[in-house]
Amino acid sequence: MSSKLIAPSILAADFGNLQRDIEMVNNSEADWFHIDIMDGVFVPNISYGMPVLEAITKHATKTVDVHLMIIDPDRYIKTFADLGSDILTVHYEACTHLHRTIQAIKAEGMKAGVALNPHTNVNVLEDIINDIDVVLIMSVNPGFGGQSFIENTFNKIKQLKTLIERKEAATKIEIDGGVTDKNAKSLIDAGADILVAGSFVFKSSDQLKTISELKSMIK
Ligand code: DX5
Ligand code: ZN
């Protein structure tokens, strides 16, 4: 069985038919639900919040991967745990006391993720990599779906992989933004473990087939 994962981003789903789209992911070969929470302050957009996440976790039968694009994420760690998040990812750029934040996420029984904006060098995680379950490399500037993939992501994956191996960490590498059938395999070959895909999955005419094709591409 492949250990490489696909995580459809619900940001690109049809919110008028949210349950239908969640069931589609349940019935697909996808591995995780990727849920983008935006506050309009850390990023220039507002997505959705707790009531929508509650509706999602009520129907989702797979791992719920929550990506917080918010300032002061510490204020909501318990809330996101109570709402059924399995993985909680915070932005490096939004955390003054990242070590404390990661410990608080784990204390609530969730896996801890740290996201890096495109301009943030992976080496800032040197002293904390062994505590992190997942590093999410943003391959677009966070805030919107449907943007173009930033090619420098490939360099960042390789640098992060080197850091993880040097530190003998078990950290997984997740890529978020602009993932399509054109770059999926190269991302995995470069060292990625999890690919988030929003528009490419939900804007396709046959979503189940698109997920299945992405999945077989990265096996
Ligand atoms: C962007 C979000 C992404 C987004 C990806 O800020 O973090 O998860 O939904 O969407 P696509 O795959 O359309 O770039
Ligand atoms: Zn995301």
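The values are calculated or read from the model by the stated rules, or taken from the named source; none is laboratory data. These figures come from a predicted structure and were not determined experimentally. Here Cβ is always computed from backbone atoms with ideal geometry, including for glycine, and neighbour counts include all displayed protein chains.
Looking only at residues of the range 1-28 that are more than 16 Å from ligand 1 (Cβ to nearest atom) and of a type in the set (D, E, K, R), we find that the one that is nearest to I188 (Cα to Cα) is K4.
Of the residues contained in the range 149-158, one or more are found to be more than 21 Å from K219 (Cα to Cα) and in a helix (DSSP H, G or I).
Any idea which residue in the range 136-176 is farthest from ligand 1 (Cβ to nearest atom), counting only those that are charged (D, E, K, R) and in contact with a strand residue (DSSP E or B) (Cβ under 8 Å, 6 or more places away or on another chain)?
So the first thing to find is which residues in the range 136-176 are charged (D, E, K, R), and the list is 151, 156, 158, 161, 165-168, 172, 174, 176.
So of that shortlist, the ones also in contact with a strand residue (DSSP E or B) (Cβ under 8 Å, 6 or more places away or on another chain) come out as 156, 161, 172, 174, 176.
On the way: K156: 16, K161: 21, K172: 16, E174: 10, D176: 5 Å.
Here the answer is K161.
Would a scan of the range 101-121 turn up a residue that is more than 26 Å from K58 (Cα to Cα), surrounded by fewer than 22 Cβ atoms within 10 Å (Cβ to Cβ) and either at pLDDT below 95 or among the small types (G, A, S) (or both)? Taking every residue of the range 101-121 in turn, none turns out to be more than 26 Å from K58 (Cα to Cα), surrounded by fewer than 22 Cβ atoms within 10 Å (Cβ to Cβ) and either at pLDDT below 95 or among the small types (G, A, S) (or both). For the range 73-104, a residue qualifies if it is among the acidic types (D, E) and either touching a helix residue (DSSP H, G or I) at 6+ places or on another chain (Cβ under 8 Å) or farther than 19 Å from W32 by Cβ (or both), and the qualifying residues are D74, D82, E93.
Say we look at the range 171-194 and pick out the residues that are away from ligand 2 (no atom under 16 Å from the Cβ) and in contact (Cβ under 8 Å) with a residue 40 or more places away in the chain; which of these is farthest from V41 (Cα to Cα)? Looking at the filtered set, the residue picked out is I188. Number of residues in the range 117-164 that are under 19 Å from I188 (Cβ atoms), free of Cβ contacts under 8 Å to residues at least 60 places away in the same chain and among the hydrophobic types (A, V, I, L, M, F, W, C) equals 12. Contact annotation: residue pairs with Cβ atoms under 9 Å, 6 or more positions apart or on different chains, pairing a residue in the range 72-88 that is of a type in the set (K, R) with a partner that is surrounded by fewer than 22 Cβ atoms within 10 Å (Cβ to Cβ), are K78/A104; K78/E108. Going through (1) surrounded by 20 or more Cβ atoms within 10 Å (Cβ to Cβ); (2) touching a residue at least 40 places away in the same chain (Cβ under 8 Å); (3) farther than 14 Å from L116 by Cβ one by one, K219 falls short only on (1). Put simply, of I87, I46, I35 the only residue that is within 16 Å of ligand 2 (Cβ to nearest atom) and surrounded by fewer than 19 Cβ atoms within 10 Å (Cβ to Cβ) is I46.
For the range 59-72, the condition holds for at least one residue, the condition being that it is assigned to a helix (DSSP H, G or I), in contact with a helix residue (DSSP H, G or I) (Cβ under 9 Å, 6 or more places away or on another chain), closer than 23 Å to A13 by Cβ and of a type outside the set (V, I, T).
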